[in-house]
Amino acid sequence: MQRDEIKRLVIVSDAWHPQVNGVVRTLTKVREQMEARGFEVTIISPADYHSVPCPTYPEIRLALTLPSAVKARIEAIQPAYVHIATEGPLGMMARRTCIKNNWRFTTSFHTRFPEYLRKRLPVPLSWSYGWLRRFHNAAESCLVPTQSIHDELIVRGFETLKVWTRGVDRELFRPQPDVDLHLQRPVFICVGRVAIEKNLEAFLSLDLPGTKLIVGNGPDLENLKRKYPKAVFAGKHEGEALARFYAGADVFVFPSRTDTFGLVLLEAIASGLPVAAYPVPGSKDVINATGAGVLSEDLGEAALAALAMGRVDPEATLQGFSWEACADIFESILTRIGVSREVPGHTVKSRQTISAR
């Protein structure tokens, strides 16, 4: 194959390994899928540069480099497609490169950073969302995790949005009836980053029978251990060890009000667990699509109702949630860099808004 025949794709992300989160898992699976489809994929991430810890998020590294260095790197690759996955320093530099070169590019919206920021600093949501709107509206298409998030962002003035599903590793996350965690049953489990935006105290403060189990690490871990000594904090686990925690529990409780999707929901359902969650974007999209849980503003009531449901059947509930379907949507929105439309402050070319079907 000649070099000019290769479908060269650059994905720029401020979130990448060794981070463990939904963005990294999604992009890793997308890269695997796209390479299997004949794309030559280059990930530009903080791993390529000197970096510093993000304030309040030390696991996240912020790249220290110049826009000219990122521009030179992308241009040297001679990509056919550029996808900007995050709105961090590298994402901003890549966006600047595309606009300066008059290239088309695509983006994705993964995280409610305005809400996360407001929990730490008194920054109005309108300011943060205004900046994100300008960032993403320059793209040919912006992928969003669920229909609820799509609808919210449309109201906030975002354009060219398309819903982007997610998948789950069904070989790893699976029912395992023989797993015994040696904890008092029933076991109510929550998996994820132990941080303020995950709203874990809403779960830990519930009056529930059995055991409340947290699997994960993060800045709030020691504080929550002191405050809730009866809960079990297992720390961070991956792979088969994580799969066994899911399989040995009885109910997955998801107290987050800010996650845009929650891949852990699919992992729990694939393991046979019913889910209890608030009726908020992300959670309600997954639970309404699968029927594998209970939504309620009373999280304790939802947890007990989910327990009464018993185990769920992944084969019956996870239809449509696959990494192949995720990659299909991603491939469908890729746009050759060509000559870009105008964006605010730059040159304009008309186009129709892409909305989720």
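Here are the numbers for the structure shown:
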item	result
Checking Asn223 against (1) more than 23 Å from the chain's Cα centre (by Cα); (2) closer than 20 Å to Leu181 by Cβ, the condition it does not meet	(2)
Where Pro53 falls short, out of the listed (1) outside any helix (DSSP H, G or I); (2) more than 19 Å from the chain's Cα centre (by Cα); (3) touching a residue at least 12 places away in the same chain (Cβ under 8 Å)	(3)
Test: residue in region 298-309 that is more than 23 Å from Val23 (Cα to Cα), assigned to a loop (DSSP other than H, G, I, E, B) and either not hydrophobic (A, V, I, L, M, F, W, C) or not assigned by TED's automatic domain parsing to the domain that holds Lys162 (or both)	yes
Which numbered condition Glu59 fails, given (1) outside any helix (DSSP H, G or I); (2) in contact with a helix residue (DSSP H, G or I) (Cβ under 8 Å, 6 or more places away or on another chain); (3) of a type in the set (D, E, K, R)	(2)
So Gly338, is it surrounded by fewer than 21 Cβ atoms within 10 Å (Cβ to Cβ), under 30 Å from Tyr81 (Cβ atoms), touching a Phe, Trp or Tyr at 6+ places or on another chain (Cβ under 8 Å) and at pLDDT below 95	yes
Out of Val253, Val294, Val280, Val232, sole residue that is touching a Cys at 6+ places or on another chain (Cβ under 9 Å) and not hydroxyl-bearing (Ser, Thr, Tyr)	Val253
Single residue of region 153-181 satisfying the filter (of a type in the set (D, E, K, R) and closer than 19 Å to Ser271 by Cα) that is nearest to the chain's Cα centre (by Cα)	Arg166
Test result for Leu273, surrounded by 22 or more Cβ atoms within 10 Å (Cβ to Cβ) and either of a type in the set (Ser, Thr, Tyr) or under 23 Å from the mean Cα position of the chain (by Cα) (or both)	yes
Test for Tyr278: is it within 15 Å of Gly192 (Cα to Cα) and either at pLDDT below 95 or not charged (D, E, K, R) (or both)	no
Which listed residue is of a type outside the set (Gly, Ala, Ser), part of a helix (DSSP H, G or I) and either in the same structural domain as Val82 (by TED's automatic domain parsing) or more than 26 Å from Arg257 (Cα to Cα) (or both), from Arg104, Arg96, Arg120	Arg96
Meets criteria (modelled with pLDDT of 95 or more, over 25 Å from Ile99 (Cβ atoms), loosely packed, with under 15 Cβ neighbours inside 10 Å and not polar (S, T, N, Q)) for Pro209	yes
Answer from Thr97, Thr28, Thr107 - the residue that is buried (at least 21 other Cβ atoms within 10 Å of the Cβ) and either under 15 Å from the mean Cα position of the chain (by Cα) or without any contact (Cβ under 8 Å) to a residue 24 or more places away in the chain (or both)	Thr107
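The values are calculated or read from the model by the stated rules, or taken from the named source; none is laboratory data. Not measured: the values here are computed from a predicted model. A quick note on method: Cβ atoms are made from the backbone with ideal geometry, for glycine too, and the neighbour counts reach across all protein chains shown.
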